[in-house]
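Only one structure is covered here, and it is reproduced in the block below.
The values are calculated or read from the model by the stated rules, or taken from the named source; none is laboratory data. Predicted model only: the values in this text are computed from it and were never measured. With ideal geometry, Cβ positions are generated from the backbone for all residues, glycine too; neighbour counts draw on all protein chains shown. With ligands, DNA and RNA removed, areas are computed over all heavy atoms of the protein, side chains included. Shrake-Rupley method; radii C 1.70, N 1.55, O 1.52, S 1.80 Å.
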Amino acid sequence: MFLAGKRALVTGSTSGIGLAIARALAAEGAEVVLSGFGDEATIAALTAELKARHVAGDLSRREGVEALMAGAGAVDILVNNAGMQHVAPVEEFPVEKWDQIIALNLTAAFDTCRLAIPHMQKQGWGRIINIASAHSLTASPYKSAYVSAKHGLTGLTKPIALELATSGITANCVSPGYVWTPLVENQIPDTMKARGMTREEVINDVMLERQPTKQFLQPSDLGEMAVFLCRDAAAQITGTNVLMDGGWNAQ
Ligand code: NAD
C-alpha cells in the first residue's frame, strides 16, 4: 500500500485502460478520483468498488477540464488517459472530429498538468503519466487527428519533465499497442467501412498486422506500469515514452 495518502486522478477511468489504472492505483492505497462518461448505475458501482469519488466533466472543453480539476482537489498522481479516435481519410475527415480529438487527446492534458503541477511542486513529489499510443511514434492511414494528438502528447511531456526535473516530479508517456478495450472494439466498424473489410480482416490484417506479438495487451498491463512509475525505483524515469507495443516500433 505504498500509495496510501496520495490522491490519484485518472481521466477517462469509467472504462478500459483508465479503469484498470484506477483499480491498480487504488489497490496500492491511493485515493482515486474517477472521471469520464457513463450511466449513473455504472459510475455508482465503480465509486463503491474503489471507494472513490467521480467528478464529471467533458474534457474536450476547457471549462470541463477546469471543473474536473476544481472538483478533484489537489492531485499527487495525474494520469491523462481520456481519449477518442475517429477513422477517415484526411480529405474527408470531419473538421469537428479533428477539433474534438485534439482537444481531448492533447489540450486536456496540457490543462490538467498546468492545474495539477503547483500542488505537486509544493509537496516536492508528483507523478504525471500520459497515456499515448504506439501511434505517438508512427502512423497508420486514416488516423490523422489521433496520430497528431499522440505525437503532440509525447512532445508536451518532454518540456514538462525538464521543467520539473529537480522537483521530485516525473512526467512520462506510456504508449500501448492495441489493448482490448471498448475504444478498439468501437473502431472496428469504421475501419471495416473505410477499408471495405470484414471484422476478422480488420482484427488480423489491420490491428494486429503491425503488432509482432500478435496479441492484444490487457488493460491491467497498463495498470501495473502506472504503479511502477509511481515507485521510488522509477524516480529517474522522466521525459520518456515507455513503449508497451508488442514490438510494433522495433520494426
Ligand atoms: P475507452 O473508450 O474504453 O475509454 C475512454 C475513456 O475516456 C472513458 O472513460 C470515456 O468516458 C472517457 N472519455 C471519452 N470522451 C471523453 C470526454 N470528452 N470527456 C471526458 N472523458 C471522456 O478507451 P481506452 O481504449 O481505454 O483508451 C484509453 C486511452 O488509451 C486513450 O487515450 C487511447 O488513445 C489510449 N490507447 C488505447 C489503445 C487501445 O488499444 N485501447 C491503444 C493505444 C492507446
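Compute the FRET efficiency between Lys193 and Ile237 as 1/(1 + (r/R0)^6), taking r as their Cβ-Cβ distance and R0 = 51 Å, and round to the nearest 0.05. Mind showing how you got there, number by number?
Values: r = 40 Å, r/R0 = 0.79.
Approximately 0.80, to the nearest 0.05.
Sorting Ser133, Ser60 by solvent-accessible area of protein heavy atoms yields Ser60, Ser133, largest first, with a 1.4 Å probe.
Here the label points at Met1 and Phe228, each 7 Å from Cα along the C-beta direction, are separated by 2.5 nm in the simple model.
Divide by every residue of the chain the summed helix terms, -39500 (n - 2.57) for each DSSP H run of at least 4, and state the resulting mean residue ellipticity at 222 nm, rounded to the nearest 500 deg cm²/dmol.
-13000 deg cm²/dmol
Using a 1.4 angstrom probe on heavy atoms only, work out the carbon and sulfur share of the accessible area of the chain in %. Mind dumping the intermediate values first?
On the way: 6070 of 11180 Å².
Ligands and nucleic acids excluded, carbon and sulfur reach 54 percent.
Just to be sure I understand the model, the point goes 7 Å from the Cα along the line to the Cβ. What's the resulting Glu201 to Gln251 distance in nm? Going by the 7 Å Cα→Cβ label model, 1.8 nm.
Comparing Ala30, Ala234, Ala22 in a Gaussian network model of the chain (Cα springs below 10 Å), the most mobile by mean-square fluctuation is Ala234.
Among residues other than Gly73 whose Cβ falls under 12 Å from its Cβ, what is the net charge (Lys/Arg +1, Asp/Glu -1)? Walk me through the numbers before you get to the answer.
On the way: positive: Arg7, Arg53; negative: Glu31, Asp76.
Its environment carries a net charge of 0.
Surface analysis of the chain yields an accessible area of 45 Å² per residue, using protein heavy atoms and a 1.4 Å probe.
Applying the criteria of a DSSP loop state and at most 16 other Cβ atoms within 10 Å to the trypsin sites (Lys or Arg not before Pro) of region 155-251 yields Lys214, Arg231. Heavy-atom accessible surface of Val90, to the nearest 10 Å², is about 110 Å², with a 1.4 Å probe and all protein chains retained. With all projection directions averaged, the alpha carbon convex hull of region 123-234 covers 7.9 nm². Between the amide H of Leu217 and those of Tyr178, Val179, Trp180, distances stay under 5 Å, these residues lying 5 or more places away or on another chain, with hydrogens modeled in the peptide plane. The slack in the chain from Met244 to Lys158, taken as 0.36 nm per residue of separation less the alpha-carbon distance, amounts to 29.1 nm.
Could you give me D for the chain, from Stokes-Einstein at 20 °C and 1.002 mPa s, where the hydrodynamic radius is the Kirkwood radius over C-alpha pairs? Units µm² s⁻¹, please.
Working: Rh = 18.2 Å.
The diffusion coefficient I find is 118 µm²/s.
Using the Cβ-Cβ distance between Glu209 and Gln121 with R0 = 51 Å, the FRET efficiency computed as 1/(1 + (r/R0)^6) comes to roughly 0.70. Looking at region 150-251, none of the GluC sites (Glu not before Pro) sits in a DSSP loop with at most 15 other Cβ atoms within 10 Å of its own Cβ. Applying both filters, DSSP loop and at most 10 other Cβ atoms within 10 Å, to the trypsin sites (Lys or Arg not before Pro) of region 9-99 gives Lys51. Applying 1/(1 + (r/R0)^6) with r as the Cβ-Cβ distance of Ala41 and Trp180 and R0 = 22 angstrom yields a FRET efficiency of 0.40. Comparing Leu34, Leu208, Leu104 in a Gaussian network model of the chain where C-alpha atoms under 10 Å apart are linked, the largest mean-square fluctuation is found at Leu208.
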